[in-house]
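Visitor: Quick one: the structure is below, questions incoming.
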Amino acid sequence: MARPDPASAAPSGSLPPSPAGSRLDRSVGRVERGLVVGLGVFAVVFLMLPVAIVIPMSFSGEQLLTFPPPSLSLRWYDSFFSDPRWLEALANSAVVALASSLLALTLGTLAAYGLVRHRFIGRAALEANFVAPLIIPPIIGAVALYIVFAKVGLLGSYLGLVIAHTIITTPYVVLVMTVAIAGFDERIEQVARSLGAKERTIFCRILVPNLSSSILASWMLAFVVSFDEVILTLFLFGNRETIPKRMITRLELQIDPTITAIATMLIVFTVGALGLVYFLVRRSGRSLLDARH
Amino acid sequence: MTANAAPLPIERYPRRRARRARRVAAAVGPLFVFMLVAFNLPILLMLGWSFSNPTPTLNHYAYFFEVPIYLRVMANTLRIAAITVLCCVLLGYPLAYWLRGMAPRPRLFVLAMVVLPFWISILIRTYAWIVILGNNGLVNRGLLELGVISAPIGILYNELGVIVGTVNVLLPFFVLPLYASMARIDDRLMQAARSLGAPQRVIFWRVFFPLTTPALAASAILVFILTLGFYITPAVLGGGRVPMIANAIELLINELPRWELAAAISTLLMIAVIAFYLVARWVRRRGTA
């Protein structure tokens with residue numbers, strides 16, 4: 001799916017906390033305050049409800065989707081791991097997400113470096129071009145690539161899907177890395193240059209090690225975006241399946257609670273990975289959370 | 001970076017300039033070439049397709065505007081997008097305002113809950129609404145038990161279900177930029193109004209709210225744009241009964257192969273999205289200037 005322009009959202013992570021005297025109750029009356037808190041709580045519950053529902057549902061022993069589940073079992077986990085087609089979809093998802101996120105990471109980090117450290121004609125246009133896939137609905141890219149891939153014989157191929165996923169994941173890498181590189185002291189690079197270091201050495205030995213947490217964050221982001229992607233995959237992957245593609249084709253046919261088991265595993269995996277990264281690199285924890293605006 | 005550019009000081013060092021150009025090309029070049037070949041060119045080709053029959057023609061566009069079903073789908077999409085924006089404003093503005101007034105620790109907690117859904121597959125979140133909104137779902141059983149209704153009401157597989165899904169997916173996109181801009185507002189402005197004797201309601205509507213309108217408008221347009229391209233939510237929660245423009249395009253590609261018409265509709269969608277995006281950017285720039 002498309003993602004919003006982060007320029008508007010990026011600063012939220014780096015804002016100074018508002019001064020202590022600025023509490024809500026000072027600016028609106030009691031009734032309004034109750035309304036604001038009520039709607040705010042409702043909005044948060046509304047946002048979290050799907051996540052909170054899916055996890056217990058996955059342990060249901062029934063075919064029918066009722067909440068709370070009348071009986072408990074692991075049958076939907078069993079039905080996932082005993083179905084070779086789900087496992088094949090999982091393998092496809094992992095391969096494509098890994099390949100496209102690494103490609104996006106390489107292309108995006110290099111490009112972000114060029115965009116931040118150099119002033120040149122057409123720089124703003126180039127940056128807009130690089131992040132355009134966030135705004136342009138994926139269905140448009142899917143149609144365009146479908147027509148082109150049909151001509152060059154890339155429909156249904158891994159290469160084709162990796163290319164397509166790289167297009168939509170690179171903008172995230174560019175955005176995260178642009179902010180990270182802009183926040184890195186350029187004088188360190190200048191010192192290295194004055195000591196005779198080559199561009200490649202500066203990039204690989206100074207920038208990459210120093211920005212490793214942001215690089216990790218943007219790689220994870222790219223991986224998750226590719227792993228979740230379904231529209232391009234529906235159009236371009238032919239008979240092959242990924243986890244989301246199999247989920248949506250199953251959903252359109254019937255209610256299959258196996259999906260709740262996969263969903264739970266994905267949620268646990270994602271939150272676990274997020275938590276781990278947050279723990280490992282506390283400093284970049286905020287930018288990780290904020291990255292996906 | 002041409003040789004006959006204006007005589008900048010750097011002009012005196014042609015070799016240094018060439019080196020700089022090489023560095024830029026080495027960094028930006030790979031992604032530029034990739035995007036050119038894999039994104040820009042295919043979209044241009046699609047544009048060309050939308051005008052070809054194979055001779056140049058406007059027939060596909062004419063067809064779109066002549067056949068009522070496509071206009072109906074377009075109107076449907078615009079209406080759903082508008083309602084989604086409205087719901088996001090009604091829920092998102094209080095949420096952002098509430099966040100602004102919070103102490104840092106609980107705020108971080110609530111922010112995490114707003115951001116977390118980003119990391120969880122849209123499909124999963126959409127699927128969960130089937131459980132919640134279905135005939136045997138949470139909402140219907142709750143209403144039955146309370147005696148509000150006597151038979152399950154249809155919330156799923158109609159426009160209402162789709163809107164619940166789109167609002168759920170897009171609310172964070174609305175709230176986060178809005179909150180970011182609210183947090184930037186200087187508290188002393190409200191304090192000044194208070195010291196001049198303005199009642200709280202007046203302070204909110206005459207001081208605070210006007211300061212947030214640029215971000216509010218930009219976020220609203222953003223949500224509107226993103227809804228226009230939605231595919232998954234209408235496919236799953238609409239049960240095929242609430243076609244939006246992206247679903248129509250999919251149908252034209254995969255079911256009744258009419259690629260040129262699909263290309264024409266995609267082009268129209270793209271023009272609409274880019275136009276709205278430019279408006280949003282202009283609004284935001286004006287707000288921060």
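The values are calculated or read from the model by the stated rules, or taken from the named source; none is laboratory data. Since the structure is predicted, the reported quantities are computational estimates derived from the model, not experimental observations. Methodologically, a virtual Cβ is constructed for each residue, glycine included, from the backbone with ideal geometry; neighbour enumeration extends over all protein chains shown.
Visitor: It is to be established whether one or more residues within region A:232-241 are small (Gly, Ala, Ser) and either part of a helix (DSSP H, G or I) or in contact with a Gly (Cβ under 8 Å, 6 or more places away or on another chain) (or both).
Guide: yes
Visitor: All but one of (1) farther than 11 Å from A:Val174 by Cα; (2) of a type in the set (A, V, I, L, M); (3) within 7 Å of chain B (Cβ to nearest Cβ); (4) part of a helix (DSSP H, G or I) hold for A:Leu115; state the number of the condition that does not hold.
Guide: With (1) farther than 11 Å from A:Val174 by Cα; (2) of a type in the set (A, V, I, L, M); (3) within 7 Å of chain B (Cβ to nearest Cβ); (4) part of a helix (DSSP H, G or I) applied to A:Leu115, the lone miss is (1).
Visitor: Being surrounded by 22 or more Cβ atoms within 10 Å (Cβ to Cβ) and facing chain B (nearest Cβ under 9 Å), is that true of even one residue in region A:149-161?
Guide: Looking through region A:149-161, at least one residue is surrounded by 22 or more Cβ atoms within 10 Å (Cβ to Cβ) and facing chain B (nearest Cβ under 9 Å).
Visitor: Another one. Restricting to region A:6-52, count the residues that are in contact with a Phe, Trp or Tyr (Cβ under 8 Å, 6 or more places away or on another chain), modelled with pLDDT under 85 and at the interface with chain B (Cβ under 7 Å from one of its Cβ atoms).
Guide: 4
Visitor: Tell me the residue from B:Ile120, B:Ile69 that is surrounded by 14 or more Cβ atoms within 10 Å (Cβ to Cβ) and out of contact with any strand residue (DSSP E or B) (no Cβ under 6 Å at 6 or more places or on another chain), please.
Guide: B:Ile120
Visitor: How many residues are without any contact (Cβ under 8 Å) to a residue 60 or more places away in the chain and either closer than 11 Å to B:Leu222 by Cα or more than 23 Å from the chain's Cα centre (by Cα) (or both) when one looks only at region B:251-273?
Guide: Of the residues in that region, 8 qualify.
Visitor: A:Val45 fails exactly one of the following numbered conditions: (1) without any contact (Cβ under 8 Å) to a residue 24 or more places away in the chain; (2) within 19 Å of B:Val175 (Cβ to Cβ); (3) surrounded by 14 or more Cβ atoms within 10 Å (Cβ to Cβ). What is the number of that condition?
Guide: (3)
Visitor: Still on this model: Is it the case that region B:225-237 has a residue that's more than 14 Å from the chain's Cα centre (by Cα) and surrounded by fewer than 17 Cβ atoms within 10 Å (Cβ to Cβ)?
Guide: no
Visitor: I've got another one for you. Only one residue in A:Leu251, A:Leu280 is more than 7 Å from chain B (Cβ to nearest Cβ) and modelled with pLDDT under 85, so which one is that?
Guide: A:Leu280
Visitor: Now for a separate question. Counting only residues that are more than 30 Å from the chain's Cα centre (by Cα) and either over 13 Å from A:Glu199 (Cα atoms) or not in a helix (DSSP H, G or I) (or both), how many does region B:14-33 have?
Guide: Going through region B:14-33 one residue at a time, the tally reaches 5.
Visitor: Tally time: how many residues in region B:225-250 are in a helix (DSSP H, G or I) and away from every other protein chain (no Cβ under 11 Å)?
Guide: 1
Visitor: Oh, and also: When you go through B:Ile274, B:Ile253, B:Ile265 one by one, which is the residue that is of a type in the set (Val, Ile, Thr), in a helix (DSSP H, G or I) and within 12 Å of B:Thr77 (Cβ to Cβ)? Reasoning before the result, please.
Guide: Working: B:Ile274 fails: within 12 Å of B:Thr77 (Cβ to Cβ); B:Ile253 fails: within 12 Å of B:Thr77 (Cβ to Cβ).
Matching residue, one of B:Ile274, B:Ile253, B:Ile265: B:Ile265.
Visitor: Considering only region A:87-110, I want to know if a residue exists there that is more than 9 Å from chain B (Cβ to nearest Cβ), crowded, with 18+ Cβ neighbours inside 10 Å, hydroxyl-bearing (Ser, Thr, Tyr) and touching a His at 6+ places or on another chain (Cβ under 9 Å).
Guide: Looking through region A:87-110, at least one residue is more than 9 Å from chain B (Cβ to nearest Cβ), crowded, with 18+ Cβ neighbours inside 10 Å, hydroxyl-bearing (Ser, Thr, Tyr) and touching a His at 6+ places or on another chain (Cβ under 9 Å).
Visitor: Still on this structure, please answer the following. Determine, yes or no, whether B:Ala151 is surrounded by fewer than 18 Cβ atoms within 10 Å (Cβ to Cβ), free of Cβ contacts under 8 Å to residues at least 12 places away in the same chain and closer than 24 Å to B:Arg241 by Cα. Don't jump to the end; show me each part of the working.
Guide: On the way: surrounded by fewer than 18 Cβ atoms within 10 Å (Cβ to Cβ): yes; free of Cβ contacts under 8 Å to residues at least 12 places away in the same chain: yes; closer than 24 Å to B:Arg241 by Cα: yes.
Yes, satisfied.
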